[in-house]
Amino acid sequence: MRLLFLTPQLPYPPRQGSALRNYYLLRGLVEAGLSVDLLSFASPEQIATIQQNPLTTLCRRLELVPLPPSRSLTTRLWTLLAAKPDLAGRLVSPIYAARLQTMLAEVDYLQVEGVEMAPYALNLRQPFYFDAHNAEFVIQQRAARTDMGSLRRWPKAAYSWVQARRLRQYERMILGRARRVLAVSAVDAVALTSLEPQAASKIVVIANGVDTAEYAPAAQPTLPESWAAVSMVFTGVLDYRPNVDALDWFCRLVWPTIYATSPAARCYIVGAKANATVQALAAIPGVVLVGEVAAVQPYIAAASLFVVPMRIGGGSRLKLLQALAMGKCILSTTLGAEGIAVSPGLDVAVADSAADFAATALRLLNDPGERDRYATAARQLALQYDWQQIIPRLSALYAADSD
């Protein structure tokens with residue numbers, strides 16, 4: 001079985017976002033005995049240093065294409081008049097399309113990573129697996145509902161409403177043409193099935209996972225410089241809309257209550273690509289923007305409490321799996337824990353209103369014993385999501401389709 005992965009970014013290093021899933025699926029399939037080629041977009045720096053990247057030995061063939069230039073505001077506005085969703089037009093590249101054509105003769109299946117990459121496969125005769133990192137229409141529906149609650153965000157709500165309608169049609173088309181559709185959770189599988197019930201037999205849950213050896217509890221964590229004894233940590237890509245919304249809500253509506261009661265506490269924001277909204281949050285007393293780091297493990301390990309205050313989004317949170325694996329006490333919204341088989345009150349604490357989130361955080365910060373109880377249960381849950389448990393389900397699908 002020869003596979004060709006189509007990815008929107010280089011899967012290594014697997015630090016955040018879809019790169020984590022892409023890397024571990026690719027590596028796992030190679031270890032399972034499949035031959036994997038990779039055609040990926042990459043930055044100029046990644047292209048220049050590719051010979052030092054482990055993907056060169058992992059993949060049978062590796063081809064990189066420069067990322068398309070950023071779209072102008074005019075081009076982005078024109079997308080509002082297009083029939084396709086904005087997401088399907090973000091990575092248009094004649095170079096990528098041409099390179100794909102040269103690789104097709106040597107592969108049996110494509111694995112298409114996300115809606116951004118779907119346009120490259122929809123018109124091919126080659127069978128493909130579509131890896132739905134999210135039910136994207138659900139994210140836009142939730143964003144529209146959330147933004148409607150604020151008058152100044154009505155333009156964003158309108159944008160999301162339009163995109164949700166287009167994504168429903170586009171994702172339905174993908175369901176019709178894909179050989180298999182990989183959903184990251186049972187919740188997403190239900191959402192995707194609602195678009196096209198006749199495609200239900202194609203949809204298979206291949207959950208997001210975590211390397212439980214790489215994200216192991218730290219017996220004696222090495223504290224980052226100037227780290228507060230009482231700390232809360234959020235990790236993620238900091239220009240991703242659901243993360244930005246979560247941080248804005250938490251830092252402005254939840255954190256002031258915590259800080260007023262515990263002024264020695266600090267809220268650390270860890271991740272790359274902090275946009276203007278996130279940068280502005282660093283002006284709030286007690287909030288510290290750490291920014292991009294080489295590895296998130298020391299920051300997760302050092303945290304008194306790991307927070308997942310998501311209000312919009314879909315799929316399942318890789319950040320949550322990492323914190324579970326590291327045996328941390330986690331406080332999440334219901335939506336933040338969606339897609340993972342958590343038991344609220346056992347392995348994850350859950351609160352949804354700003355007042356409840358603040359009160360629960362303060363209770364946990366003041367009770368080391370309760371934090372330890374959550375931490376022990378968290379690690380046990382994470383073991384069910386180790387990639388070694390997940391990969392055999394995917395390799396079995398390919399084995400069945402090769403018969």
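Please treat every number below as a calculation from the coordinates, not as lab data. These numbers were taken from a predicted model, which means no experiment stands behind them. Glycine also receives a Cβ, built like all others from the backbone with ideal geometry; neighbour counts cover every protein chain displayed.
Summary table
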{"quantity": "Listed residues ALA294, LEU321, CYS267: farthest to the positive end of the dipole of the range 231-385 (Cβ charges)", "calculated": "ALA294"}
{"quantity": "Test item: Cα-centred dipole of the chain, Lys/Arg +1 and Asp/Glu -1 on Cβ, debye", "calculated": "980 debye"}
{"quantity": "Simple spin-label estimate for GLU370 and GLU31 in nanometres, 7 Å along Cα-Cβ", "calculated": "3.8 nm"}
{"quantity": "Prolate/oblate/rounded label for the range 50-191 (Cα gyration tensor, a/c 1.5)", "calculated": "prolate"}
{"quantity": "For the chain, built as a Gaussian network whose Cα springs stay under 10 Å, the top-fluctuating residue of ARG145, ARG371, ARG180", "calculated": "ARG145"}
{"quantity": "Computed E for LEU151/ASP248 - FRET, C-beta separation, R0 22 angstrom, nearest 0.05", "calculated": "0.90"}
{"quantity": "The chain, helix-only ellipticity at 222 nm - DSSP H runs n ≥ 4, -39,500 (n - 2.57), divided by all residues, nearest 500", "calculated": "-12000 deg cm²/dmol"}
{"quantity": "The range 231-385 - charge dipole about Cα centre, Lys and Arg +1 at Cβ, Asp and Glu -1, debye rounded to 20", "calculated": "160 debye"}
{"quantity": "Per-residue Cβ neighbour rank within 10 angstrom, fewest leading, THR57, THR7, THR257", "calculated": "THR57, THR257, THR7"}
{"quantity": "Formal net charge of residues neighbouring ARG125 (Cβ-Cβ distance under 13 Å; K, R +1; D, E -1)", "calculated": "+1"}
{"quantity": "Max mean-square fluctuation residue, GNM over the chain, Cα-Cα springs under 10 Å, options TRP387, TRP227, TRP255", "calculated": "TRP227"}
{"quantity": "Spin-label proximity, ARG179 to the range 98-122 - amide N less than 12 Å from point 7 Å beyond Cα toward beta carbon", "calculated": "107-112"}
{"quantity": "Gain in span if fully extended, GLU106 to TYR240, counting 0.36 nm per residue against the direct Cα distance", "calculated": "44.7 nm"}
{"quantity": "GLU63/VAL293 FRET efficiency (R0 35 Å; Cβ-Cβ; nearest 0.05)", "calculated": "0.75"}
{"quantity": "Share of Cα-Cα pairs in the range 283-362 lying beyond 18 Å, as whole percent", "calculated": "44 percent"}
{"quantity": "Entries in LYS84/LYS202; LYS156/LYS319; LYS84/LYS273; LYS202/LYS273 that, when Cα-Cα distance is taken, lie over 29 Å", "calculated": "LYS202/LYS273"}
{"quantity": "Span from the the range 12-39 Cα centroid across to the the range 202-260 one, whole angstrom", "calculated": "23 Å"}
{"quantity": "Full-stretch length increase - ALA213, ARG125 - with 0.36 nm per residue and alpha-carbon distance subtracted", "calculated": "27.7 nm"}
{"quantity": "The chain, relative contact order [Cα under 8 Å, separation at least 6], %", "calculated": "14 percent"}
{"quantity": "Cβ-defined net charge surrounding LEU318, 12 Å radius [Lys, Arg +1; Asp, Glu -1]", "calculated": "+3"}
{"quantity": "Nearest-20 debye value, the range 225-283 charge dipole, Cβ charges on Lys, Arg, Asp, Glu", "calculated": "40 debye"}
{"quantity": "Hull volume in cubic angstrom per residue (convex hull over the Cα atoms of the chain)", "calculated": "143 Å³"}
